[in-house]
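The values are calculated or read from the model by the stated rules, or taken from the named source; none is laboratory data. Quantities reported herein were computed from a predicted structural model and do not represent experimental measurements. Neighbour counts are summed over all protein chains in view; Cβ atoms, including those assigned to glycine, are modelled from backbone coordinates with ideal geometry. Note: areas computed on protein heavy atoms with side chains; ligands, DNA, RNA excluded. Shrake-Rupley method; radii C 1.70, N 1.55, O 1.52, S 1.80 Å.
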Amino acid sequence: MNTMNHRNFFSRVWDLYYDGFRNMTLGRTLWLVILVKLFVIFVVLKLFFFPDFLSTHAEGDEAEFVSHELLNR
Amino acid sequence: MENELFSIDGSMVDWSRAQFALTAIYHWLFVPLTLGLAVVMGIMETIYYRTKDDFWKRTAQFWQRLFGINFAMGIATGIILEFEFGTNWSNYSFLVGDVFGAPLAIEGIVAFFMESTFVAVMFFGWKKVSRGFHLASTWLTGLGATISAWWILVANSWMQYPVGQEFNLDTMRNEMVSFVDVALSPVAIDKFCHTVISAWVLGAVFVVGVSSWYLLKRRHVEFARQSMKIGAIVGLVASVLAAVTGHHSAYTVGQTQPMKLAAMEALYNGGDDQSLTIFAAVNPFAQPDWKNEHEPPMRIAVPYALSFLATNDLHGYVPGINDIINGYDKSDGEYEVPLSEKMVRGSYALTAMKAYREAKRDGRNNELEVLASEFQENMPWMGYGYVKEAEQIVPYIPICFWSFRIMVGGGCLFILLFCAILYFLYRKKSPRWLFHTALWCIPVAYIVSECGWLVAEFGRQPWTIQDMLPTWVGVSALQSSSVMITFFLFLVLFTTMLAVEISIMCKQIKRGPEL
Ligand code: HEM
């Protein structure tokens with residue numbers, strides 16, 4: 001009985017998402033926009049324009065680097 | 001490395017600030033509508049739940065569709081701010097890492113689980129789950145977004161009023177010592193209440209404005225009148241609450257960031273019984289001569305209102321810019337030391353930090369304790385160690401002054417608008433001028449809301465962390481040209497995204513509800 005209920009629950013959740021995505025109309029356009037945006041943000045911007053400054057400049061000792069910055073500005 | 005450090009120029013700091021501001025302003029175009037529409041559509045669906053009238057289901061579904069567009073467009077725009085912390089504001093990020101870690105991690109988890117589950121049920125679940133479960137999901141979608149906002153605002157508030165942390169000289173980071181102090185600081189509570197309520201105002205203006213458009217076009221009249229009624233009731237309540245919470249924010253700003261309040265008011269020389277400026281000829285494009293002018297020209301003011309706003313007492317003392325620079329007696333009887341003393345204390349803190357780091361490097365461990373306590377004693381003023389002249393700690397007055405007036409003026413305008421809408425709905429009249437006004441109030445609400453942030457963020461300059469870290473120290477030693485490139489890249493990207501959103505939104509509005 002319990003297992004039945006579980007399977008029932010999971011298949012209903014699956015159903016919700018599966019049918020939901022299949023029957024989308026406006027949602028398709030929105031997902032396209034979201035995916036393009038995520039690509040631009042995480043691939044183009046993060047990789048090419050926003051490197052982590054400390055990991056590229058601090059040579060492993062970030063505390064030392066930052067203290068040097070704080071004491072020499 | 002030395003050369004690179006000394007090449008930090010003003011334009012690089014300005015470009016980094018401009019880039020961050022652009023991203024934050026863009027991000028804030030989406031957040032308030034998400035929070036505001038969540039309330040309106042929640043109420044509509046609650047009416048459907050109670051009446052079982054299909055009309056309300058369709059009405060709620062229409063506003064949920066617009067909510068969905070806005071939600072999809074806004075997703076992940078805030079992440080760019082985090083990239084900018086790591087690249088452009090690396091010293092600052094490193095310093096705060098531990099304090100922000102917990103709130104932002106909670107935000108991420110809550111947002112992911114609540115939003116991905118309940119948004120899915122809200123959009124996909126109409127025929128799959130019970131009405132009650134669907135209603136709960138709709139409200140929880142809004143609640144999830146509001147909780148997310150809470151944590152982000154906690155992080156922002158900590159920068160304006162750093163509490164609940166201790167600076168560790170070994171790790172060079174602030175470490176959280178009291179989660180409760182960070183999460184429930186008075187600034188965080190005020191900011192949360194005012195920001196979320198202001199978002200409800202914006203959502204309500206949006207609903208009333210879009211409904212007005214249908215009424216002007218004489219389409220979906222009943223739907224538009226009913227939506228307008230709910231929008232106007234939510235809007236009226238929220239606008240009054242925005243004024244109440246705004247008053248409380250002003251009080252807290254007066255206590256914690258008096259320079260911000262003085263800049264908002266262009267109050268050069270303070271005193272007791274201060275009046276609130278309604279209008280004054282403050283040049284929008286140049287910093288006024290606050291040192292020598294007594295007050296801005298052509299000033300019209302409401303007597304005692306600033307004292308009341310900032311101290312809850314009609315006769316309360318409000319310090320002006322010159323008072324803050326020269327020192328003054330606070331309302332609790334304590335003396336606020338002058339800038340010159342803060343600068344000395346700040347340089348003691350930096351000297352102690354330097355000595356501590358050197359002693360540690362040389363293995364002189366017996367000196368560490370004394371140096372650490374010397375540092376901690378002067379730590380509250382550390383940022384003043386970088387200040388060379390008074391001008392550096394005065395925010396740019398024109399933006400603070402005018403943004404504050406636009407925000408408060410907008411708040412008053414919206415109260416009138418919602419009263420007028422409710423009055424004419426009650427009298428069953430449809431004045432076209434009012435609907436035109438309501439439609440135009442949509443962009444006005446966005447401007448008003450952004451002005452709130454301009455007040456909050458320009459007003460705290462030059463501090464990235466209040467009294468601890470000025471912008472020119474928090475910023476990374478990058479080339480200003482590279483920051484400039486990303487600024488313009490963002491401008492193009494954001495404008496395109498906004499155009500896409502507006503066009504999808506307008507198309508859906510033109511299509512109208514499926515009644
Ligand atoms: C009507 C009277 C209002 C007053 C007295 C008021 C007062 C204030 C004050 C003092 C701040 C600065 C708080 C800080 O720096 O910590 C602020 C910020 C802000 N205000 Fe208002 N406000 C009012 C109305 C509105 C309205 C109608 C909106 C938008 C629809 C709005 C949106 C904001 C936003 C988004 C912020 C930035 C977040 C924050 O710092 O709380 N305000 N307001």
Problem set entry | Estimated FRET transfer efficiency (B:Phe133, A:Ser11; beta-carbon r; R0 25 Å; 0.05) | 0.90
For this session: Could you work out the longest stretch of chain B that avoids the GluC sites (Glu not before Pro) located in DSSP loops with at most 16 other Cβ atoms within 10 Å?
Result: B:1-292
Exercise. Hull surface divided by four, with the convex hull built on the Cα atoms of region B:264-321: how many nm²?
Worked result: 3.6
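Excluding the sites themselves, what is the longest stretch of chain B that contains no trypsin sites (Lys or Arg not before Pro) in a DSSP loop with at most 11 other C-beta atoms within 10 Å?
Answer from the scan: B:219-387.
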Exercise. Could you work out Rg/(2.2 N^0.38 Å) for chain B, with Rg from alpha carbons only?
Worked result: 1.05
Exercise. In whole Hz, what ³J(HN,Hα) sequence does region A:48-59 give by Karplus (6.51, -1.76, 1.60; θ = phi - 60°), x for Gly and Pro?
Worked result: 9, 10, 10, x, 6, 4, 5, 5, 8, 10, 8, 6
Exercise. Debye sum, Cα scatterers, region A:2-72, no solvent: what log₁₀ I/I(0) at q = 0.18, 0.27 1/Å?
Worked result: -0.83, -1.05
For this session: Could you work out how far apart the two model spin labels at B:Lys330 and A:Trp31 are, taking each label as a point 7 Å from the Cα in the direction of the beta carbon, and quote it in nm?
Result: 5.5
Problem set entry | Long-range amide H partners of B:Asn168 with built H, under 5 Å | B:Arg173, B:Asn174, B:Glu175
For this session: Just the number, please: buried accessible area between A and B, total of both chains, 1.4 angstrom probe, nearest 100 square angstrom.
Result: 4100
For this session: Could you look at the protein assembly as shown and say what percent of its accessible area is carbon and sulfur, using a 1.4 Å probe and all protein chains?
Result: 64
Problem set entry | Long-range HN-HN contacts of B:Thr464 with modeled amide H, under 5 Å | B:Leu469, B:Thr471
Exercise. B:Leu276's amide H: which non-local residues (gap 5+, or another chain) put their own amide H closer than 5 Å, with H modeled 1.01 Å from N in plane and none for Pro or chain starts?
Worked result: B:Val302, B:Tyr304, B:Ala305, B:Leu306
Exercise. Quick one: Karplus J couplings for region B:407-412, per residue in order, coefficients 6.51, -1.76, 1.60, θ = phi - 60°, nearest Hz, x for Gly and Pro?
Worked result: 5, 5, x, x, x, 5
Seminar exercise, completed: For the pair B:Arg218 and B:Asp53, the simple spin-label estimate (label points 7 Å beyond Cα toward Cβ) gives in nm 2.4
Exercise. Contour minus end-to-end for B:Lys507 and B:Glu391, with contour as 0.36 nm per residue of separation and end-to-end as the Cα-Cα distance?
Worked result: 36.8 nm
Exercise. When we measure straight from the Cα of B:Lys330, which aspartates and glutamates land under 15 angstrom away, once same-chain ones fewer than 8 places off are left out?
Worked result: B:Asp272, B:Asp273, B:Asp313
Exercise. Can you give the relative contact order of chain B as a percent, counting alpha carbon pairs under 8 Å and 6+ residues apart?
Worked result: 21
Exercise. To the nearest 10 degrees, how steep is helix B:432-458 against the longest Cα principal axis of chain B, on a 0 to 90 scale?
Worked result: 20
Exercise. Just from its helices, what would the mean residue ellipticity at 222 nm be for the protein assembly as shown, if runs of 4 or more DSSP H residues each count -39500 (n - 2.57) and the sum is divided by every residue, rounded to the nearest 500 deg cm²/dmol?
Worked result: -23500 deg cm²/dmol
Exercise. Dipole of region B:339-386, Cα-centred, from +1 at each Lys and Arg C-beta and -1 at each Asp and Glu C-beta, to the nearest 20 debye?
Worked result: 180
Exercise. Using θ = phi - 60° and the Karplus form 6.51 cos²θ - 1.76 cosθ + 1.60, what ³J(HN,Hα) does each residue of region B:187-193 get, whole Hz, x for Gly and Pro?
Worked result: 5, 5, 5, 4, 5, 4, 4
For this session: Taking 20 Å² as the minimum loss, tell me which residues in region B:161-182 lose that much accessible area going from the chain by itself to the full protein complex (1.4 Å probe).
Result: B:Met172
Exercise. Measuring from label point to label point, each 7 Å out along Cα→Cβ, what is the B:Ala18 to B:Leu104 span in nm?
Worked result: 2.5
Exercise. What accessible area per residue comes out for chain B, rounded to a whole number of Å², with a 1.4 Å probe?
Worked result: 42
